[in-house]
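Before any comments, here is the structure.
Each value in this text was obtained by applying a stated rule to the coordinates, not by laboratory testing. These numbers come from a predicted model, not from an experiment. Positions of Cβ are generated from backbone atoms using ideal geometry, with glycine treated the same way; all protein chains shown enter the neighbour counts.
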Amino acid sequence: MSALALPRETTAVRYRPMAFGVTRVTLREGAPGVRYLDAELPLGDYALRVTDYLRHWAAATPEASFLARRRRRPDGSSGEWQHLRYGEALAAARRIGQALLDRGLDAERPVLILSENSLEHGLMALGCMYAGVPYCPVSTAYATASQDFAKLQHVLQTLTPGLVLAADGARFGAAIAATVPRDVEVVLVEGRLEGRETTAFAQLLATEATPAIDAAMQATGPDTIVKFLFTSGSTKLPKSVINTQRMWCANLQQITLSLPALAEAPPVLVDWLPWNHTFGGNHNVGLVLQHGGTLYIDDGKPTPALMYETLRNLREIAPTVYFNVPTGFEQIAHALQTDAQLRATLLSRVRFFFYSGAGLAQPVWDSLHATQEAALGERIIMATGLGMTESAPSALFVNSHDVTAGDIGSPVPGTTVKLVETEGKTEVRYRGPNITPGYWRNAEATRAAFDDEGFLCTGDAVRWIDPDNLHRGLRFDGRIAEDFKLATGTFVSVGPLRARVLAAGAPYLQDVVVTGLNRNEVGLLMFAAPRCRELSGLGADAPWAEVLASAGVRGQMQSLLDQLARQATGSASRVARALLLAEPPSLDRGEITDKGSVNQRAVLSHRAAVVDALHEGSAGGILFPQT
């Protein structure tokens, strides 16, 4: 591998101006097969606790809006924006925090939140932080989309909460009845529970704050547990990741140093990303709070039923930074082509776009840039990075305008990235102040997560963007645990192959799972995207199975596989057979997350019989090559 080189200049394409903080890195050798990568930019000081930001902005700009959400009308539709201002947020946090202190809650009996993103959810989180009582925002799907409530039951057994906040009794009543012990207090924002005494959220807000709550806040510090966030899980039950004040505060400073545009003015976000995930709850909420910005809660989602709400909000509110997952950007890219008002508002002052959660197909990236150049005469930077729940979440960021799909960039200041050669790939491991101390009440999993030098083992593989210029950083090279060998002994690198398939299949594939472990050939399980309806020629109410069986969809998928066959360079990259699945990935089985990311290992585990039938040529449904 060559020595470090200076960053190269790129001036061929005009971009909206934006600086990057980490432009140089240092690389040092370790034991054989081990290297250490650091940003040259130092981390410096950072806040002791997240509530320090709340107190600062409540004093400096008490009338500025912190959170906003559209009011819900009696018929369920959304109306005008309701704002929560910084001064109000601090006062409410002190009152709620006092109520929690009065109940004697602590890490052994924390607060569990069953709610979508909302003003009340935000206030409860702030109250917990102020009182030093850990809280856990739980995926609402565990209580509403799940049929067996198994994951919610696991969460409660792991945490033993002393109080559960639920957004309303109607939607969460069945889950609470099935999982929450009778001696645990239930607080409802709306509604009631049949046969169970509950507390109204308004009662917490009515609690009179005393000097004890301010003393409790002052007693919190870097080692205080601020929240528990559960991993999405694959074939095993989710683990509870401990998030300390040090982790969160250090990472907010690391993010800002890496992307200094965030600190140039109070950020304005229009955001749907769920707060039970580290991307939405730590990264996005935290950055708004750190810099005195405003987060407009988007009740939309990148699904056919809810995307209209996201587009409505983006036609009205102009964000300064826009965060989303790849499926969201795909739908926005499509809408931008024909929606003049969306283009005018969304592109007016946004400094950069940012995606995470999964890989963004290059055609979506290219479509966004083409629309921007036509409308503005310049491109808006598409940024991304790499991280995980255990890193609070950010560990690497791209550091140049000149990036393509798969680039993840250089380490954030203060976090050392350890590069370990293993199984023919390079695993990336992390050590720094933003890394979790471990998993709550799971010493075995904690021991297994760290190596003998205290680095968090991620299982993510990387390679250099440019081996002749290491300052440009790293590219994502898949998950090591997902890679496998064919029966011939040929190694299949799943991440790059999957990315290539999704890029070629955009916008008609939601995701794919690569098969072939100990088989003679590579196969695919394919989940079609909603836009396949456009190919089918059928009405909007046509059953999904009929859509996928239509000549238009079958022809498109066969063309995709023909294209992949022409591009294949050997058995490891040649897709020999594929199955288009009508049954969507299951939340209960851990096959998909709230953000829409498909879990390869879970799908392969739970659909083992389907994989067998695919490779034996006996699979029912829509099989390719067509027979």
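A few remarks follow.
- Packing here is the average count of other Cβ atoms within 10 Å per residue, and on that basis the peptides 148-154, 476-482, highest first, run 476-482, 148-154.
- For region 384-438, the normalised intensity computed at q = 0.12, 0.20 Å⁻¹ comes to -0.29, -0.76 (log10 of I(q)/I(0), Debye sum over alpha carbons, equal scatterers, no solvent).
- Ordering of 389-400, 119-130, 445-456, 327-338 by packing [mean C-beta count within 10 Å, highest first]: 389-400, 119-130, 327-338, 445-456
- Each Cα pair under 8 Å and six or more residues apart adds its separation to the average, and for region 571-619 the resulting relative contact order is 30 percent.
- Considering every alpha-carbon pair of region 184-283, the percent of pairs per 5 Å bin, from zero through the bin containing the longest distance, is 2, 9, 11, 13, 17, 20, 16, 8, 3, 1, 0.
- Taking the number of Cβ atoms within 10 Å of each Cβ as an exposure proxy, the fewest-first ranking of D75, D612 is D75, D612.
- Here region 264-420 is treated as an ellipsoid with the same Cα gyration tensor; its semi-axes, largest first and in whole Å, are 24, 18, 15.
- Inter-centroid distance (Cα atoms) of region 554-604 relative to region 89-141, Å: 41
- For region 101-238, the C-alpha radius of gyration sits at 1.03 times the compact-globule guess of 2.2 N^0.38 Å, with N the residue count.
- Calculated P(r) tail over 27 Å for region 483-624, as whole % of Cα pairs: 16
- Across region 134-193, Cα-Cα pairs farther apart than 17 Å form 30% of the total.
- Antiparallel DSSP beta bridges within the chain, as percent of all bridges there, nearest 5: 60
- By the count of neighbouring beta-carbon atoms within 10 Å, fewest first, I213, I381 end up ordered I381, I213.
- For region 51-298, DSSP calls about 35 percent of its internal beta bridges antiparallel.
- Packing-based ranking, highest mean first, of 13-21, 247-255 given that Cβ atoms within 10 Å are counted: 247-255, 13-21
- Fraction of C-alpha pairs exceeding 17 angstrom in region 183-230: 60 percent, rounded to a whole number.
- Helix content alone sets the calculated 222 nm mean residue ellipticity of the chain: runs of n ≥ 4 DSSP H residues at -39500 (n - 2.57) each, divided across all residues, give -9500 deg cm²/dmol.
- Inverting the pair-averaged 1/r between distinct Cα atoms of region 351-393 gives 11.7 Å as its Kirkwood hydrodynamic radius.
- By the rule of a C-alpha distance below 17 Å, with chain neighbours fewer than 8 residues away ignored, the lysines paired with K301 are K595.
- Whole-Å semi-axes of region 415-481's equivalent ellipsoid (Cα gyration tensor): 25, 13, 9
- Annotation: the antiparallel percentage among DSSP beta bridges lying fully within region 483-624 is about 65.
- D (Stokes-Einstein, µm²/s), Kirkwood Cα radius, region 51-298, 1.002 mPa s at 20 °C: 117
- Ellipsoid semi-axes for the chain, based on the Cα gyration tensor and the rule √(5λ), read 38, 29, 26 Å when sorted largest first.
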